Amino acid sequence: MCSGIESSSVQLVEAAKWTLKQLNEQGYLPGFTLGIRVTPTCHVAGKAVENTVKFLNNIEAEIGNSSIISLLGPEFSSEAANTSSFISSLPENKHIPQFIFSATAESLSDQAKYGNIKRVVPSDNLQVKTIISLLLKVEWNYVAVLYLDDTYGKGAFQEFQIIARTHDICIPYHKSLSVGTYGELNPTEITDSLDTIINYPESPIHGVVVFSSSKTARDILRSAEIRRRQNTFQLAFVFSDGVGLNLQTFSDNDQIIDIAKGSFIASPPIINFPNFTSHWNDIFNNKQTLDTESKTNPWLLEVFKDFNLCSPSGSIDDCTITESGRLRAIYQSKYVGYTILSVITIAKLMKETHGRTCSSNGICPELQTLMENNKGFLTSISDDLKVNLGEEFPSFGVEKNFSLSFATDIQHSSTGSDYDIFQFGECTSSTDSYCIEKVGSFKNNSFEFDQGKSIHPVLKAQCDMDRTCVQCSNSHLYDAVYVEPGDLYVVGLAPVYDKSTDNPMACTNIRQRLGVELIEAMAFAVKTINERQGEYSNYFPGKKIGFILLNPCDQPLRGQNLLVSMLEKGIKLLNESTIYVHDKILGFVAGYTSIMSQYTSLVLTPYRYVQIAYASLAAFLSDRTTYPYFLRVGTPENNLANSVVRLVKSLDDSNFIQILYSEGVYGEGGRDAILREAKALKVCVTATYKVIEGGQHSKILPDLRRNSYAKIVIVIVHSFVLLDMINAIYDDLEPGEFIFIASAAWSDRLELIMSRPKFAGFFSYAMEIPAKPTFIDYLNEKVFLTDKNPWLIKYVEEKNTCYLPGSFSKKGKQPCGNLTLAPVGSELELWTMFAMTAMFSLLGGTNEVFQSLCGSQTDRICADYMARPEVVYESIKKQTAVIGDSEGPTRTFDDNGDGMVGAVIYQVWKSPDDPTKLIYGRVGKAKPGEGGHDVNTKLFQFPNGDPKSVCPDPRSCAKCFDDQQNNTGQSDKKTEEDTSSIIALATVVPILAVAVIVLSIVLFCKYRKEKCTDKTYDEAYLHPIPDNYDRPPQGYNPQGNIGQQQHNYVLQNLQHENFPQQQQGNMAHTQQQSNMEEAPQQDRVLRHPQDNMGQYVQQERIQSYDRIH
């Protein structure tokens, strides 16, 4: 015997019985009828299997010539799973089908494990998607989950957990509730769970999702109500379909549970059969009908007694029908419609089987044999079954059409929703006090929620104000992948996070510029192509282009690892599924820095993929022997080097410069190109300094001052390093002390010159591609909280030092307000349009080749496409775009695959409208190669002083050109060295004097075996201005006579460096007489690193500089 009666279960039995009666009375089946045998399972573990065994062994003996054609149920997922497992263990010809009307666990969709199950009710996968959509709409992202410890509860929670993760919905607390033998719960588990939720340490949890039965839901609400009477807190609930739509769930002894108001309930669409509703109501309002129907459904009597005032052992004639009982009887389980639909489906399958097997009415011998020898015969013909309820079964009183396909779960084809959301609260559409009304619906992966229909204020379940919910902060967000599914894919790489300097595979902080915007530019290009508008209307007909956007953190090894893993193992998504794309990838847009592009190409070239870089400008990437399938949108820095040096010459015939360059191939390649052009145009490079990312940039200005005659400084520094470098040097910089000529990484970025008047007169090169107005609109329309970009929310919060709604990091921050992703004044970040152009070029070129080689019918990359990357390469190379100052589309790439964009030459001016502000004024342009330099010197402005930068001594500079020739020839061997001090800064005689002094000291120390300091040896040899020098003494004129005055100044500073004063004087006096004789030998000591002393000087200089950076 079961403990108690479950009225909803009895109602489902009556629905099945009533449906069969209708079909039989109408003669739906030709010459035979269908019957039903029901046994209770009591929701006891193992009871359903036990009854199934008895049923299969005894039923045919009990009912004579009849045959079993199907099981209907059982009602709960755990019971259905156990029953199906048992049936699957039998011989295949005994695999009797199970038609499931209320068991919704997603695990039951596994046809490999539960192959005999045919389910007509939507699974929990659809329910969970609907609940997640609701949470997003009402802005719940910080929730607890309570679920029954059974197949239904555990399966639903697992599905919820996976999908929640993909939408940044955090579950800081979850608890499975133990289910006893008879379905009873442990009340202590409920109270302890609620206490934890209400008082959760990081932040109280205000939203609870519950996967349970109606009884469990009522127990949870009762317990929560007791606690709220004792303490003040806010708590709201979302209940699963297992709770049902019965008002009794939300009341206790006919009193509404106050905390239940506003609760949401998920439910499959209600299929109303009005005729059954009338039948059910008649049973509980007409004792004669009750007496008649209870003969075939004896549990009706127990339900009637439970609803009304009756004696448990008395007759129903002694019962008093109460208003409460009447209201309870009105309730109809949402599974009634699915029970009726299941019986109708079985009947139609049986009718179609009869039509295929028999030529006359009744059960013919062939059909009898089929039923006896193959219990699963209905399963084999159930695919693509169509049931038109309105036309085929008009007597059931429902106008709804269904297309039922049992390849997996049933697929309903109707005008209604796929799943619904209801809310409990005060009625708005009826005269009753409290109602459960529909407020949302899920259809075709789209959720509609009518906030206006909400019958109770909606509480937001989020991390509290001034709290940091560390448990919910994704510490591994840098490993996320931005994926848009498609038939074919393009792959892009952009450094969303900064790299770690300690671990070549690790990331640090999210980048506040030149990261997320690059990602969005590539995504925009793909989405624009998919819209098939205008010039893109014929791109990839019938195909959706997907994208995979990866974050390598500008770490070459990490980038290689991401690519190899994707190509060999696929992409694992946040929902734990994997997509395999190696035969679907059209090409790649990568990378950012030149070294990143190099390492990327080393992976992609063997796979024969074409790659387009957007911000990689190093010269070596022009080598098509090593990088055969590589293109880039930007013009290589070496192709603009001639223009840079000619700009130097245009500044009053300046010929004396220094170079600041980034470590790595970009900066070093640019440095070497400047050295080559400088030699050709007779410009002396006195020193080059390596700028290391994350280094101590405060040392840069003192280094430049060692060569103060060289006022012009060429800056070839990565864009993401520039701001840190500028902040380190600006305060101590004197107006007019130096003039920077910066590479395209500086461009026309306002943040680099804002509130920095000392930069007036500086120059920069800017590679420009005009912004698309539609892209600005796209950025303005971004909805941060629902956007698929996994990095977007963190990027916006970090960049603006604020928090968005739903943030997990609110402590010490203010709300972000009405922010948009579009930059102020629509000024896009430097390489944004280059990344977009690269993606458009990739899609434009591959579209032509894919259609030509693979055709429009396939959704995979064909072998001919993969075997002919050179054809793809040539097609991309022909693409056009509006670049630079072109008035219309022009070729994006030259014949070598390098960018044709060139550069605009800007100078930093004081604004004519407000002299306290700086602007960029266009003074010229540069195109790749010689002859591409055009500047208007009449536009130059130097408010901070004369920019002229000339060599102080012609003889020394003549030697400088020789050294540059030597250094240029050896540049490939010295890419990691600092080639500083190519030319010293004093006249020949003082240089030789100082050199002899230092050489004498070295020899003196050697032979006397005395310990000498080496702190300033390289400075003394190569720079008359020592380390501790900040600027020359007052009255010192670097452009005037540099004879004895400078010599005295050098000796003065050498004394300051603790050289023995008497030795200084004696050595200087003695050595001056033989300067000319020993000059060649001195030059060899000073200039040639292969000499022992030269090696010491060069190496010490490099090591010292690397230490301070």
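The values are calculated or read from the model by the stated rules, or taken from the named source; none is laboratory data. The structure presented is a predicted model; accordingly, all values stated were derived computationally and were not measured. Note that each Cβ is placed from the backbone with ideal geometry, even for glycine, and that neighbours are counted across all protein chains shown. For accessibility, only protein heavy atoms count, side chains too; no ligands or nucleic acids. Shrake-Rupley method; radii C 1.70, N 1.55, O 1.52, S 1.80 Å.
Key figures
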item	result
Residue that is surrounded by the fewest Cβ atoms within 10 Å (Cβ to Cβ), among those in the range 170-193 that are small (G, A, S) and within 28 Å of N474 (Cα to Cα)	S176
Residue match in the range 86-104 (condition: within 18 Å of N575 (Cα to Cα), in contact with a Gly (Cβ under 9 Å, 6 or more places away or on another chain) and of a type in the set (G, A, S))	no
Matching residues, the range 770-792, being of a type outside the set (S, T, N, Q), open to solvent by 20 Å² or more (accessible area, probe 1.4 Å) and over 29 Å from K813 (Cα atoms)	P770, A771, K772, P773
Residues of the range 302-320 that turn out to be out of contact with any helix residue (DSSP H, G or I) (no Cβ under 7 Å at 6 or more places or on another chain), assigned to a loop (DSSP other than H, G, I, E, B) and open to solvent by 40 Å² or more (accessible area, probe 1.4 Å), as a count	2
Candidates Y765, Y795 - the one that is among the hydroxyl-bearing types (S, T, Y), in contact with a strand residue (DSSP E or B) (Cβ under 9 Å, 6 or more places away or on another chain), assigned to a helix (DSSP H, G or I) and surrounded by 18 or more Cβ atoms within 10 Å (Cβ to Cβ)	Y795
Residue in the range 600-620 that is in contact with a Lys or Arg (Cβ under 6 Å, 6 or more places away or on another chain) and either farther than 26 Å from S841 by Cβ or of a type in the set (S, T, N, Q) (or both) present	yes
Per-region count, the range 223-253, residues more than 22 Å from V145 (Cα to Cα) and in contact with a helix residue (DSSP H, G or I) (Cβ under 6 Å, 6 or more places away or on another chain)	1
Candidates D583, D554, filtered to the one that is part of a loop (DSSP other than H, G, I, E, B) and either in contact with a Phe, Trp or Tyr (Cβ under 7 Å, 6 or more places away or on another chain) or among the hydroxyl-bearing types (S, T, Y) (or both)	D554
Members of the range 462-487 that are within 22 Å of K811 (Cα to Cα) and in a strand (DSSP E or B)	T468
Odd one out for Q98, checked against (1) open to solvent by 10 Å² or more (accessible area, probe 1.4 Å); (2) over 30 Å from the mean Cα position of the chain (by Cα); (3) free of Cβ contacts under 8 Å to residues at least 60 places away in the same chain	(1)
1 or more residues within 27 Å of V470 (Cβ to Cβ) and of a type outside the set (D, E, K, R): qualifying strands (runs of 3 or more DSSP E) within the range 111-208	142-148, 170-177
Candidates D487, D498, D479, D502 - the one that is open to solvent by 20 Å² or more (accessible area, probe 1.4 Å), modelled with pLDDT of 95 or more and not aromatic (F, W, Y)	D487
Filtered residues of the range 349-365 (kept if over 48 Å from the mean Cα position of the chain (by Cα), surrounded by 13 or more Cβ atoms within 10 Å (Cβ to Cβ) and in a helix (DSSP H, G or I))	M350, K351, E352, T353, H354, T357
First in the range 632-654 and in contact (Cβ under 8 Å) with a residue 60 or more places away in the chain and closer than 21 Å to L939 by Cβ, second anywhere and open to solvent by 10 Å² or more (accessible area, probe 1.4 Å) and of a type in the set (D, E, K, R), Cβ under 7 Å, 6 or more apart	N642/E677; N642/E930; L651/K948; D652/K948; S654/K948
Matching residues in the range 264-295 - criterion: being touching a helix residue (DSSP H, G or I) at 6+ places or on another chain (Cβ under 7 Å), open to solvent by 10 Å² or more (accessible area, probe 1.4 Å), more than 16 Å from S9 (Cβ to Cβ) and assigned to a loop (DSSP other than H, G, I, E, B)	I270, N272
Residue ranges of helices (runs of 4 or more DSSP H) in the range 799-880 with at least 2 members at pLDDT 95 or above and closer than 26 Å to L750 by Cα	832-853
Sole exception among (1) open to solvent by less than 30 Å² (accessible area, probe 1.4 Å); (2) under 21 Å from I265 (Cα atoms); (3) not aliphatic (A, V, I, L, M) for H167, by number	(1)
Count of residues meeting criterion [surrounded by fewer than 23 Cβ atoms within 10 Å (Cβ to Cβ) and part of a strand (DSSP E or B)] in the range 238-263	4
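Quick grid of which residues meet (1) within 16 Å of the chain's Cα centre (by Cα); (2) buried (at least 20 other Cβ atoms within 10 Å of the Cβ); (3) of a type in the set (G, A, S); (4) at pLDDT below 95:
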residue	(1), (2), (3), (4)
G534	no, no, yes, yes
S537	no, no, yes, yes
P541	no, no, no, yes
L550	yes, yes, no, no
L557	no, no, no, no
Q560	no, no, no, no
M566	yes, yes, no, no
N575	yes, no, no, yes
D583	no, no, no, yes
